[in-house]
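For reference, the structure is listed below as structure tokens.
The values are calculated or read from the model by the stated rules, or taken from the named source; none is laboratory data. Computed from a predicted model, the values in this text were never measured in an experiment. A quick note on method: Cβ atoms are made from the backbone with ideal geometry, for glycine too, and the neighbour counts reach across all protein chains shown.
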Number of protein chains: 2
Amino acid sequence: MATFQIDSIFLDDIKALIKKKDNTLLKRKLQPVHYADLGEVIEGLSIEEATYLIKLLGSDTTADALADVDPDIREGILRQLSEKEIAKEVLELDTDDATDIILELPEERQEKVMSQIDDDEHLNDIRDLLRYDENSAGGLMAKELVKVKEDLSVLKCLNEMRAQAENVTRVHSIYVVDEKNRLKGRLSLKDLITANSRAKVKDIYIPKVDFVTVDQDGDEVAKIMSKYDLDAIPVINSKKELLGRITIDDIVDLIKEEADKDYQLAAGISADVEADDKIFDLVKARLPWLFLGLLGGLGSVFILQDFEAIMEEPKLRNLFFYTPLIAAMAGNVGVQSSAIIVQGIANDVVKGSLFKRLIKEIGLSLINGLSLALVILVFGQFINQAFMVSFTIAGSMMLVIVVAALVGTFVPIVLNKQGIDPAIATGPFITTANDIFGIFLFFYIAKFVLGF
Amino acid sequence: MATFQIDSIFLDDIKALIKKKDNTLLKRKLQPVHYADLGEVIEGLSIEEATYLIKLLGSDTTADALADVDPDIREGILRQLSEKEIAKEVLELDTDDATDIILELPEERQEKVMSQIDDDEHLNDIRDLLRYDENSAGGLMAKELVKVKEDLSVLKCLNEMRAQAENVTRVHSIYVVDEKNRLKGRLSLKDLITANSRAKVKDIYIPKVDFVTVDQDGDEVAKIMSKYDLDAIPVINSKKELLGRITIDDIVDLIKEEADKDYQLAAGISADVEADDKIFDLVKARLPWLFLGLLGGLGSVFILQDFEAIMEEPKLRNLFFYTPLIAAMAGNVGVQSSAIIVQGIANDVVKGSLFKRLIKEIGLSLINGLSLALVILVFGQFINQAFMVSFTIAGSMMLVIVVAALVGTFVPIVLNKQGIDPAIATGPFITTANDIFGIFLFFYIAKFVLGF
């Protein structure tokens, strides 16, 4: 295996060493470890143990690991560290991660930590980044990048880069700017290596360069970078001045977070929780959606009460046996339709007119509904149900399926047009709406057809 | 905006030009376009129009675009192209994309296309890649990479790289191998640029290098690359020989596909479909899950029939009004529990003992259940329901919630241990199981408590 695995044996070992305060062995074991693995170790420890490690190992080892751990755990650790200690960690980080950590601190600590950062350039970069919305390109970018002026020679450019590259973890691209720091194009390292050293930058740079503006939405940046297979993208302002760049690793994290969020919303879990979170955080994320479902269920009670009289009719009372089936169908169809639309919106595949989509969704649900209705008819014969009752159940289920599909399709489209995240319309929201709507339709259609 | 937007005006324009066969203008408009945008244009055209464009523009313009479009659309286009034409496209592509396209062809065409590729090295690379499972590291890797022998000088290394880099889209890392092509380490371009040109590769390379083996699972590769923030990772075999490398852009696609797949499964949509797919593909992806829900619903009919007698009892018949509520709660809780576990498994956060998880899930669902039960009691008073009936409903709902949570938690864990994708246990599967289970429990508990 290429990579080091953090297992419970390793973790127990570390915990024992912390208990014994065997600092020499702790350092020997943990300093060579990759920051992502050290982050996992930290996530496996108690806050007190983790804090002990961070103080012991020193910020050059721990800063990237600390930036990598779950924000809840980081919050607990930062609370145990002094402003001076936090400032040391922040100083080791790239400006984008540094800014994220500052932003997570309680407001009264932010200034105190920043006043302890003894690198003016780093501090100014952080102050600059603090101005941008977290979800914008400005909030995602780092100030670390390599740029050269267009009138340099390749040789001078290489020297300039040697100096700049010291502070940049991965170079990716070299950006070319004019004397006013306006983005003109890019040089790939490959081009630079394969170029004649006497050539000028302006002769070999690629003037075509993808970029985003500082106020563009993070999701949009993610789409652009993944569509055009970019490892990094420069960020400019309205004057075309080069402000920073966004690298693909941050976008990978963003894509995963977005996917997780949509998935959780579809399952009726709000907020960013994980299986290993505290029980009350999980209750807070789950209970509201269950409450919504409960309200829907109580709504159904009211509807069904209205039909209490037919319980006296042995032929008609069967309708009550089908309420879970109708609710399940309405819910399932709604979730399917909404999920496919929400995903289509996210991936930009939902094009074409609303009317065409309407026709398609009706066609689709008629095919599905008809297939299922046939099963109901056969089943009705099988349990010796009056044919007219089976027919009514099958027919109204079909209508419920069509309506549920339309609700599932159009609610997300409408929400999206209103600028609301359509993902909230998947899962419990659409299920509950369709449950109650489905039962209502079912009983009133039955009433109309069977004439009770 | 940085990027070119394909809108319907541009598309209509292209369609009109194709109709007029205005080849000069078509070339002028489309040759400067990025392949990802050209891919979008192709997806917006009919198969005939797209094929016309591909033949017109030439493989150096269209190959990457063709590799980028939806596989269904590509299949249609490839059917219209001769083996010679396909071979030309394949020749322009990196070996990983080339192999994917060959694999998509009907078996009888694969050899015919390969026999038309007039570049032996490219062909051998493709033949080599065809041997690996699509979902393994071998199936994801490309043969294009830059490698140098450890005993070269930096100067010679630069020359060697100049030669190799011609065929490599993005260099990322330079891999260092010994005389038997065994991976020894890597050189970053940054290190190379900042090194003294008389130094030897063996003095400056980094011996610590992440790698994956050729048979490792694609998902695992994605996890490693995103955890360690890697832009590229080398692939080796059991003899440590360097075989190829995987780049982050392919991993981004994989992460998105996986997330989409899990999301669709949770919503009861099997197979990879999109909102704009053909209606019968959509039916095929959705109907089986609805059918499963229907079977569950018919199961409930059987259970409820058993309790027909209590419809004669005005006090007890209220129980029937609550079946949609019980089913909804059981379904919602099950989906929540399963989603959080499935996501935890995917993100490797589900650690610790099964017993602790059991206690936590019971605690969590007791808190949620109790809160909801109180609402039921109040509601019961409000609609003048016999208190004992309300109490029974509230209590059994609580129990249903606990059981549903346990089913939702343990089914995915068990499936995962059996090597089955736990994502199938979210959505309709768990909802249906819990619906029927919940209604069963509800009525039998009521029977026991109320003694009918």
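Some notes on this structure:
- Residue identified as part of a loop (DSSP other than H, G, I, E, B) and crowded, with 18+ Cβ neighbours inside 10 Å among B:I6, B:I14: B:I6
- For region A:221-230, the criterion of being within 30 Å of B:I251 (Cα to Cα), surrounded by 16 or more Cβ atoms within 10 Å (Cβ to Cβ), touching a strand residue (DSSP E or B) at 6+ places or on another chain (Cβ under 8 Å) and not aliphatic (A, V, I, L, M) is met by none of the residues.
- Filter result (in a helix (DSSP H, G or I) and surrounded by fewer than 19 Cβ atoms within 10 Å (Cβ to Cβ)) within region B:266-282: B:I279, B:F280, B:D281
- A Cβ distance below 8 Å, combined with a sequence gap of six or more or placement on separate chains, defines the contacts here; from region A:104-116, residues that are in the same structural domain as A:L78 (by TED's automatic domain parsing) reach residues that are surrounded by 14 or more Cβ atoms within 10 Å (Cβ to Cβ) and not in a helix (DSSP H, G or I) in the pairs A:V113/A:L105.
- A:M141, sole failed condition from (1) out of contact with any Gly (no Cβ under 6 Å at 6 or more places or on another chain); (2) not assigned by TED's automatic domain parsing to the domain that holds A:K240; (3) not aromatic (F, W, Y): (1)
- Region A:106-117, subset more than 24 Å from A:L243 (Cβ to Cβ) and of a type in the set (D, E, K, R), residue surrounded by the most Cβ atoms within 10 Å (Cβ to Cβ): A:R109
- Any hit, region A:283-295, residues being outside any helix (DSSP H, G or I) and either small (G, A, S) or assigned by TED's automatic domain parsing to the domain that holds A:D421 (or both): no
- Looking only at region B:282-311, and only at residues there that are farther than 18 Å from B:I430 by Cα and in contact (Cβ under 8 Å) with a residue 40 or more places away in the chain, the one that is nearest to the other protein chains (Cβ to nearest Cβ): B:L304
- Scanning region B:151-187 for residues that are more than 22 Å from B:V214 (Cβ to Cβ), out of contact with any Leu (no Cβ under 9 Å at 6 or more places or on another chain) and in contact (Cβ under 8 Å) with a residue 40 or more places away in the chain yields B:D151, B:L152, B:S153, B:L155.
- Number of positions in region B:17-45 that are closer than 21 Å to B:E92 by Cα and not in a helix (DSSP H, G or I): 4
- Filtering region B:245-272 to residues that are more than 11 Å from the chain's Cα centre (by Cα), within 30 Å of A:F379 (Cβ to Cβ) and within 7 Å of chain A (Cβ to nearest Cβ) leaves B:A266, B:A267, B:G268, B:I269.
- Looking across region B:214-244, the residues that are more than 8 Å from chain A (Cβ to nearest Cβ) and in a strand (DSSP E or B) come down to B:D217, B:A232, B:P234, B:V235, B:I236, B:E241, B:L242, B:L243, B:G244.
- Applying the condition of being outside any helix (DSSP H, G or I) and in contact with a helix residue (DSSP H, G or I) (Cβ under 7 Å, 6 or more places away or on another chain) to region A:46-80 and asking which residue is nearest to A:D22 (Cα to Cα) yields A:V69.
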